[in-house]
Amino acid sequence: MTEVDTPAVPARLLAYAPGHTVAFAQHCAVALAETPEIFEVPGQPAHCLGLIEWAGKLVPLIDLHLLIAGSTALSTGVPGHVLILSWQAESGHALQYGAVCAPSLVTGALVSDADRCEMPADVPVLATLAFAFFLRGDCVVPIIDTRRLFGTRISQDS
């Protein structure tokens, strides 16, 4: 490996809406589960569908299409599956969990710095959620930071 070569790292890709894909670090993608009962929470943001029970815990379920496209977008609806993701508030803290709607199969990919690209200017909420972007074909794919996704209050106006 030369100094211009960078190792490729595995990521999990999820098409959350037709033509729109996000990536998560492989170690954050914990499980793919059938959508259990959803418990609504008063005052929840439009992109949070409520809480679901997973592994004896109540975890938030987020519709990425509503979050990224905005609350006026048509939802893809509650899918048959959800992707369970882990995150930590701070290094050394216990893992916490959240879920995102998985209307499509979750696939794997190898990503390297050679694939890196700039953030699209037309989706400002991605500046809050993603820590990097890469090209996959003609599609710009954000790599979502699960701590930012579940550990902070996110506004579509970001």
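The values are calculated or read from the model by the stated rules, or taken from the named source; none is laboratory data. Worth saying up front: this structure is predicted, and the values here are computed from it rather than measured. Heads up, the Cβs are rebuilt from the backbone with ideal geometry, glycines too, and the neighbour counts pull from every protein chain shown.
The table for this structure:
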quantity: Test result for Leu32, within 18 Å of the chain's Cα centre (by Cα), at pLDDT 90 or above and crowded, with 19+ Cβ neighbours inside 10 Å; calculated: no
quantity: Single residue of Leu64, Leu49, Leu14, Leu83 found to be within 17 Å of Ile143 (Cβ to Cβ), at pLDDT below 95 and surrounded by 16 or more Cβ atoms within 10 Å (Cβ to Cβ); calculated: Leu64
quantity: Near pairs, Cβ below 9 angstrom, 6+ apart or cross-chain, from the range 95-106 (under 16 Å from Thr21 (Cα atoms)) to any residue that is part of a loop (DSSP other than H, G, I, E, B) and of a type in the set (Gly, Ala, Ser); calculated: Cys101/Ser75; Cys101/Gly77; Ala102/Gly80; Pro103/Gly77; Pro103/Gly80
quantity: Residues that are loosely packed, with under 12 Cβ neighbours inside 10 Å and either touching a Phe, Trp or Tyr at 6+ places or on another chain (Cβ under 8 Å) or hydrophobic (A, V, I, L, M, F, W, C) (or both), drawn from the range 96-128; calculated: Leu105, Leu110, Ala114, Glu118, Ala121
